[in-house]
Amino acid sequence: MTARTAGAALATGVAVALSVTAGAPAFAQSQSQAEVEQATVSVLHAVPGLTVDVFAGDKELLPDFKPGTLTDPLKLDAGSYDIKVFKDGEGPKGTPAIQKTVEVPAGANATLVAHLTADGKPTLDAFVNDTSKVPAGKARLTVRHVAAAPAVDVRAGGTPVFKGLENPKEAEAEVAAGTVNADVVLAGTDTVAIGPAKLDLAEGSNTIVYAWGSAADKNLALKTQTITGMHSAPGGVPAGGTGQAASGTSDAALGALAAGAVLALGAGGYLLRRRDDAA
């Protein structure tokens, strides 16, 4: 079985296992099945150096998930889920690194990110992905700081696009579609922390860039996620704004921060494995 095939199988397992119709007692859902509107959820494992197993109650959902990987979008019923994350091989009877009851909002498109705080502690944040229409000829660029690192500036072609971005905040803007060279520098300096990396910003898409890893351990990296299908007819009006990760529903982010809140698979230094999106 190829890694891609194995990842697809595991992703399918998540959708099945997290569905309340699976009958597992580990999950709680406040609404009846007929009332539930599904959410679209992706998961990024952005804690370096640790492979983990993810459980819902005592039921294993995602075994052997490695850092630096992102799941394909999964369809999950809205509701509450009891999530436990263990270091690989230590569940389900041991003490989980993180245990959290999480809420999956109906209709959301979100990405759950297990990552390090600015001072290097494992944590979990969820970000709602902006899928609103993009003006004709434009692309949406979202940057999320989920690395154990100080504030950074994000540059495109050497020019700062987002300044002073801190963990776990994010920034969003609408830019001309096309290819750009992006890098991440320490805030207010020209000291490159990550990159450069070539980004293909397709018209009508949201390209989400994650700065993850640890500055102290010298393993900072970029991971990208692309959401398509937000084209607008000519004459659309650009939008902008700011926001940050949240643990429920997100603050709607316009122009400089694409918001946060959904599922929360904890990863006390660990989390999920599935498809490796181009970084």
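Bear in mind that the values in this text are calculations on the coordinates, not laboratory data. For clarity, every value in this text was computed on a predicted model and none was experimentally measured. No Cβ is skipped: glycine too gets one built from the backbone with ideal geometry, and neighbour counts run over all protein chains shown.
Projecting the Cα positions of GLY158, ALA126, PRO96 onto the charge dipole of the range 86-168 (unit charges on Cβ atoms of Lys, Arg, Asp and Glu, taken about the Cα centre) puts GLY158 furthest along the positive direction.
Work out the FRET efficiency for ALA106 and LYS198 from their Cβ-Cβ distance, taking R0 = 51 Å, and round it to the nearest 0.05.
Details: r = 37 Å, r/R0 = 0.72.
For R0 = 51 Å, the calculated efficiency reads 0.90.
For the range 38-166, the convex hull drawn through the C-alpha positions has a volume of 130 cubic angstrom per residue. Distance distribution note for the range 138-232: the fraction of Cα pairs above 15 angstrom is 55%. Take the Cβ atoms of ALA136 and LYS59, set R0 to 41 Å, and the FRET efficiency comes out at 0.30.
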